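The structure appears right after this line, and notes come after that.
The values are calculated or read from the model by the stated rules, or taken from the named source; none is laboratory data. Remember, it's a predicted structure, so these values are computed and weren't measured experimentally. Don't worry about glycine lacking a Cβ; one is built from the backbone with ideal geometry, like all the others, and counts go over all protein chains shown.
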Amino acid sequence: MKVELKENERIDDLQRNGYRIIQNPEKFCFGMDAVLLSGFARVKAGARVLDLGTGTGIIPILLEAKTKAAHLTALEIQEESADMARRSVLLNGLADKIDIVTGDIKEADQLFAAASFDVVTCNPPYMIGQHGLTNPDGPKAIARHEILCTLEDVVRNAAKLLKTGGNFFMVHRPFRLAEIITVMTRYKLEPKRMQLVYPYVDKEPNMVLIEGCRGGRPRMTVEKPLIVYRAPNVYMDEIYDLYGY
C-alpha cells in the first residue's frame, strides 16, 4: 500500500519479509537495542503481544515478521511517532495484525484489560530524570530519558497486563541492573533469563536483555554474552542473523 510521507521522513528496509518502516531522522530512529530485543523475546504461536513505548513501531513489526503471534498491540505517547507507526503498519499491509494506540504507559492499565496479554515487551528510556538535557521536551529526549515514565511505571503496568505465566521482555542498561531486578521482583515479574550485550569482546557490557515471568518461581538463567562487533563496523555473525542480512 502506498502511504504519504511527511517532511524529513524516509522509508527504511527492515530486511524481513519485505517489511519497511517510516522514520524521521530529525526526531528519533530505532537503534540496535530494539532489534536485539526482538531477537531475545520468545513469542509462542497464537500469543497476544503488547509493546510499551513503541516509538515508530519497530518491535511489533519485527515480531510479526519473526513469530506466529496472533495479534500485536503497541502503545506510544507521542502522536507524531504513533502516526508514523500506523502508516508503517499500513505500508506493510499489517492492519489486521498490529494495532497502534496513542496513550501513556502510566495509564496502560486503564487502556487495556488486566491480564489480557501473553507477552509484554519494552525498550524504555534508560536515563534517569533530565540530567544533561538541552531540550527536555524533544522526541529524542523523551525516548532516552525518564521524562514521561519511569522503570517502575513500565514494570508495574506490564505486571498488571500480563496473564499469570505471561512473559515480560525488556532491554536496558547494565548500570541499572540491581534496580531492574528489585523492581521486577516487587511486582511479581520473576526474572527468568538474562543476557549481557558487549560492543566488543574486550569492552564492558552496554546493554542487558532480561525476561521476567508473571508469578514465576525464583530461578534465573544467564545466557552466554552477546558480542556485537568483531571489528569496527563489522558485526559478529549472530548480529547479522538478527538483522536478517
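If the condition is being free of Cβ contacts under 8 Å to residues at least 12 places away in the same chain and assigned to a strand (DSSP E or B), then segment 89-103 contributes no residue at all.
Residues in segment 104-131 that are among the hydrophobic types (A, V, I, L, M, F, W, C), part of a strand (DSSP E or B) and modelled with pLDDT of 95 or more: F117, V119, V120, C122. Where helices (runs of 4 or more DSSP H) sit wholly within segment 134-205, those with at least 3 residues that are modelled with pLDDT of 95 or more and touching a strand residue (DSSP E or B) at 6+ places or on another chain (Cβ under 9 Å) occupy 151-161, 177-186.
Give the number of residues within segment 187-245 that are exposed (fewer than 14 other Cβ atoms within 10 Å of the Cβ), under 18 Å from F168 (Cα atoms) and either in contact with a Cys (Cβ under 6 Å, 6 or more places away or on another chain) or among the basic types (K, R) (or both). Matching residues across segment 187-245 total 2.
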